[in-house]
Amino acid sequence: MKKLLIKAAVILLLSEAAVMVFLWYSGIAHRPIGIILDPLLMALVALVPIYFLLRAERRAMARRELLDSKLNRIVDGLWSASLHTLSETELLATILKEILENSPFSTVHKGAIFLTEGDRLVLKTQEGFGEEQRGMCREVEPGRCLCGRALETGEPIFAPAVDGRHDNEFRGMAPHGHYCFPIKSAGSVIGVLNLYLEAGHARDAAEERFLTSVCAIIARILEGKKLERSLFRMQKTEALNRFAAGIAHDLNNILGAIRGFSDVAARCLPPDSETSSDMKEISAAVDRGADLTRRLRLFARQETETPEVFDLNLTVDGLGGILRRVMSGVSVELRLAGGPLRVKAVRGQLEQVVMNLAANARDAMPGGGAFSVETGARELCFTASKRCLNAAWLTVSDTGQGMTEEQLDRVFEPFYTTKGAGEGTGLGLAVVQGIVQQHGGEILVRSVPGKGTTFDIYLPLADDKEEGR
């Protein structure tokens, strides 16, 4: 309203100035008729621009009301969806559907939501994408295409039509425009909302404010869900830790008694007797049980070992022979960084991380396939934990069965397994995550059903002070 009054005042002043100039040059400015004509002419001159000003203001007000109405409708839909027990993929699909159905501007009912994983964007849900486009946009690097630019800059990206910034092009791509808006939490980009527009759509500040509000709401919902999952996981893990520690303690006592009596019995038997062979089987079973209790104690954070500084490359390289024997029928490839990767860790625990992941990969490739371990170093920031690391990275990949979204959501859950009865404890990946986190690292997982799974592990590089210890 204030701006409207200022504009009207400016129009009146300009109209008065124009009338006075006209009357002055007409020579009637100081005559009685000039005094009468002055306000009349000023009103006539100002009438038309004020009329169009009011008309434009009414249109702007109607548009603001439309945007507010649509935003309220979207907000109601988003909060309603957030109250239901949905997986992350289902929640994001519902959010995208609400936005496309209630968009106040001309979209082509096509769009996508990406979330960050590590330093890249991963497609979580989409509407209107064909198979080729889904494969092309499954992962987007920073700076690539419009969504990658929104991730890299943290700023909205607008395109009225297909231009040189469209790095991902495919056959039969129809003319279109884009709004690519970063979804931010605490100043960090945690995802990107991509909406398709009709070709030639004009950039609009009101639309951008609208989408900024929508993305802020999405961020709040995602962060709320993340905190909810984190709290639930912490409570569940704490209870499981106590449970696992209790079982490990009691089982150790039982195994100790069995081992003691079997050793006594074995010493009383002839070495070549059948019963002596049975005693050896009992001892082997006790060893397997002891290994299980060790894993339970490790999961319960009760196994304490002194970390040392060592070269991660040499450790992984040393596992090459074992991996090739374990992964029978599978092609094993090690791609190690050129220079040393000095980390401060418990060597045996990191070896266990690689072997656990290898065992999982082997089980996911019963008909054979390819398994690779790659190492390197880089500095990167994690949006989920909101921290940066100068890290050594370890990537373990397979070409196995892959995992569904539901399985990915539960992949690190203790005692969760997709294997048959008696084929797995469900502790392997929980132990892997626990070891990585104990060493101040991060672990991420990517998977495509039918194509394979990749685990990305990041560990802090040892600094000069730690090198000297």
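The values are calculated or read from the model by the stated rules, or taken from the named source; none is laboratory data. Small disclaimer: the values here were computed from a predicted structure and weren't measured. Glycine also receives a Cβ, built like all others from the backbone with ideal geometry; neighbour counts cover every protein chain displayed.
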Output yes when any residue across the range 140-155 is modelled with pLDDT under 85 and farther than 19 Å from GLU88 by Cβ, and no when none is. no
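Here are some residues: ASP163, ASP119. Which one is of a type in the set (D, E, K, R), more than 18 Å from GLU208 (Cβ to Cβ) and out of contact with any Asp or Glu (no Cβ under 9 Å at 6 or more places or on another chain)?
ASP163
Within the range 187-203, can you find the residues that are charged (D, E, K, R) and either in contact with a helix residue (DSSP H, G or I) (Cβ under 7 Å, 6 or more places away or on another chain) or surrounded by fewer than 14 Cβ atoms within 10 Å (Cβ to Cβ) (or both)?
Scanning the range 187-203 gives a single hit, ARG203.
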Would you confirm whether any residue within the range 367-377 is under 22 Å from ASN313 (Cβ atoms), of a type in the set (Asp, Glu) and modelled with pLDDT of 90 or more? yes
For GLU305, the lone unmet condition from (1) modelled with pLDDT under 75; (2) farther than 26 Å from PHE415 by Cα; (3) not in a helix (DSSP H, G or I) is (2)
Is it true that some residue in the range 109-121 is more than 18 Å from the chain's Cα centre (by Cα) and aromatic (Phe, Trp, Tyr)? no
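To keep it simple, each residue is scored yes or no on (1) in a strand (DSSP E or B); (2) without any contact (Cβ under 8 Å) to a residue 24 or more places away in the chain; (3) touching a strand residue (DSSP E or B) at 6+ places or on another chain (Cβ under 6 Å).
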site	(1), (2), (3)
ILE322	no, no, no
ARG325	no, yes, no
ALA337	no, no, yes
PRO340	no, no, yes
GLY348	no, no, no
GLN352	no, no, no
ASP363	no, no, no
PRO366	no, yes, no
VAL373	yes, no, yes
Under 8 Å between Cβ atoms, at least 6 apart or on separate chains: pull out the pairs that start in the range 434-449 with a residue that is hydroxyl-bearing (Ser, Thr, Tyr) and end on any residue that is in a strand (DSSP E or B). SER447/THR453; SER447/THR454
For the range 81-97: of the residues being at pLDDT below 85 and more than 19 Å from the chain's Cα centre (by Cα), which is nearest to GLN407 (Cα to Cα)? THR85
